[in-house]
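Written out below as C-alpha cells is the structure these notes cover.
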Amino acid sequence: MLILSRRTEPCDRVYGVLRLPFDLRSKSRLRTKLASGEEVGVFLNRGEVLRGGDYLLAEDERVVRVEAQVESVLQVVSTSASDLARIAYHLGNRHVPLQVGDGWLRLAEDHVLKEMVLRLGATAESMQASFEPEAGAYGGHGHASAPPTHGGIIHDLAAKQS
C-alpha cells in the first residue's frame, strides 16, 4: 500500500489522483483508494485538512494530487447581501462548515439546515458540486517548505494546555 505522509509543492510528475469528499479530506488518518483503484494510507498531522489542489508525497517519493470530490451540497442564494450574511452567521453559530462564494453559500446537504435557510428568506438548491469550506479564522495551510502555522488545524481544546 502506498503511504502518503506529507504535503509537497505542486509538480508535473504526478503519480495519481486522490479524489475525496470534504468529510474524508478532514481526517488525518485514512485508508482509501486513488482514482486508479490503488489502495493508499494517508497519515498527516492531526487536524490537517486536505484541499483540492494539494499535493502529497509518498514515502517512496511518488506525488499524488488531491481533488475535491463532487458531493451533495446545498447552494444558498439570496438577493439581499444582509440576508446572506445573517444566514452565514446562523450557520457559523452551529459550526457548520461553509463555503463562501460571490453571492452564494454552500454547505453539506442537510434538510434541517435547508428549512432554517428557507425560513430566513433565501433559496437553497440541492446540487452536486465540489465542497471547499472556509478554513476558519486561522485558515490556509502550510506547505513542506513553509514553517508550521495554524493553517487548517482543528484545535483539540480538550488537550492539556502547557
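Please treat every number below as a calculation from the coordinates, not as lab data. In this text, all values refer to a predicted model and were calculated from it rather than measured experimentally. We place every Cβ from the backbone using ideal geometry, glycine too, and count neighbours over all the protein chains shown.
Order of Ser78, Ser130 from fewest to most other C-beta atoms within 10 Å?
Least to most surrounded, the residues fall as Ser130, Ser78.
Just subtract the alpha-carbon distance of Met127 and Ala81 from 0.36 nm times their residue separation and send over the number in nm, one decimal.
Difference between extended and current length: 14.4 nm.
Within the range 43-110, which GluC sites (Glu not before Pro) sit in a loop by DSSP and count at most 10 neighbouring Cβ atoms inside 10 Å?
Glu61
Could you give the length gained on full extension between Asp110 and Asn45, defined as 0.36 nm per residue of separation minus the Cα-Cα distance, in nm?
My answer for the length gained is 20.5 nm.
Which FRET efficiency, nearest 0.05, do His95 and Ser72 yield, Cβ-Cβ r, R0 22 Å?
0.65
Over all alpha-carbon pairs in the range 71-129, figure out the percentage whose distance exceeds 17 Å.
Value for the range 71-129: 23 percent of Cα pairs lie more than 17 Å apart.
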